[in-house]
Every structure is written in C-alpha cells, then in structure tokens.
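Working notes, structure below.
All of the numbers you see were taken from the coordinates with simple rules; none came from a lab. Given the structure is predicted, the values throughout are model-derived calculations rather than measurements. So basically every Cβ, Gly included, is an ideal-geometry build from the backbone, and we count neighbours across all protein chains shown.
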Amino acid sequence: MSDAFIREVDEDLRQKQLTDLWNKFGKYIIAAAVLIVLIVAGRGIYDYMVESEYTEQADAFAAALLKSDAEATTALDEIIASDVDGYEILATFKKVEQSIAAADKLGAVAILDNFIDTASVPDLYKDVATLQAAILEVDSASVDDVRARLTLILNGETQFKYMAAEIVALAELNAGEVDAARARLQGLIDDEEAPGSIKNRAEQYLIVIGE
C-alpha cells in the first residue's frame, strides 16, 4: 500500500471528522449569534414599548408568526419596511430562520446582506448578521471571501472577534490552509479573554487536524 494512498485516506478521514465537528457545533454558534440579537433587540423594544408604533408592530409581528410561510414572508417584509428598529431586526432574522429551515442558504445570506447594507441600526446587529452570513457560507464560499466578510470584526474590539476567528479557521481548514488554521486556533486557545466554549472547540479542532 503506497504512502500516497495512506495520506489520501488520512486526509479523507480528517475532513470527515472536521465536518462532523462543524455539524455538531455550527448550529450552536448560529443559535448563540441569534440569541444575542434577540436579547439586545428585546431590551430596545422594551424601552420603546410606551410608544404606539411599537405596540402596533408587536401585534403585527405576533400575527406574522401565526401565518403560513408565504403569508408570513409578506407580513415580515411589511414590518421590515416600517423601520421600527427593534421589530425591523426581529423580522429580518425571522426571515433568515425561515430560509434556513427551507434549506435556502443563498436566500438567507441575501436577506442578511441586504440588512447589513441598508438597515439603519447599531453596528452590533450588523455584526451578528455578518457572522451568521459567514457561518452559512463557510462550507461554500472561498476562504478569501470569508476573511473579507469578517475583516472588520476580526480587527475590532468586540467579543464577536473570537467567533469570527473560529469561523475563519474553519474556512481555512476547508480550503486546505491547515497551518493558517492551526495558528488561528492556537491563538484562540492562548487568548485569556476568549470565551471558554470557543477555546474548547478550538482544542477539539486541533486534535482532529493534529497539533
């Protein structure tokens, strides 16, 4: 049995392990990002609930959640067009959730990109949208595209930079840039301020690719 064949089998097994890890953890990363949006948006909505337009949009959003997919999409679009900050955000991410449930990743990314480009909301929400778009594209876009999408977050000072680094490392692994991914993952492990959950995942990725 040739060394080349053995290396090819090892690489296939390693890629399968990485894929299994991403399938295991990816949904939790997405859930964490969306949870941040819901928590922060919820606080903003609460602050404004005394205003009638927020009460009106609260009713519209609740009604949209009870509609069928096509009708819900139309209702959510109307809420987004209202530019009522909190509900514009919630409606956008609900549409993304619907697209993901329908296995329409391209549609979900398009919704997120439009939100990033046009919504008049604090950067926090756009950062979360950027992270979720990158997560959805990590196994299909080029590593350069993923890096470019996340550059501002990677170079920023928010806690999101750790999640962004993890996503880029995964894109690098998918692209065969193992040394770059290994260095990025090790950097997460060594960073005292990185969240424990991200450090733990980084350690598992390094075990799979071999330190």
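Couple of notes before you dig in:
- What the phi angles of the range 124-132 give under the Karplus curve with 6.51, -1.76 and 1.60, with θ = phi - 60°, is a coupling list of 3, 5, 5, 4, 5, 4, 5, 4, 5 Hz, glycine and proline written as x.
- In loop segments of the range 86-188 as defined by DSSP, the GluC sites (Glu not before Pro) with at most 12 further C-beta atoms inside 10 Å of their C-beta are 157.
- On the beta carbon distance between residue 101 and residue 208, with R0 = 35 Å, the FRET formula returns roughly 0.75.
- Computed over Cα pairs, the Kirkwood radius of the range 138-178 leads via Stokes-Einstein (1.002 mPa s, 20 °C) to a diffusion coefficient of 213 µm² per second.
- Spacing of the two label points (7 Å from each Cα toward its C-beta) at residue 155 and residue 81, in nm: 3.8
- The phi-based Karplus calculation (6.51 cos²θ - 1.76 cosθ + 1.60; θ = phi - 60°) puts the 3J(HN,Hα) values of the range 170-179 at 5, 5, 5, 5, 4, 8, x, 8, 5, 4 Hz, whole numbers, x for Gly and Pro.
- Lys pairs under 14 Å by Cα in the range 60-211, provided they are eight or more residues apart or on distinct chains: 6
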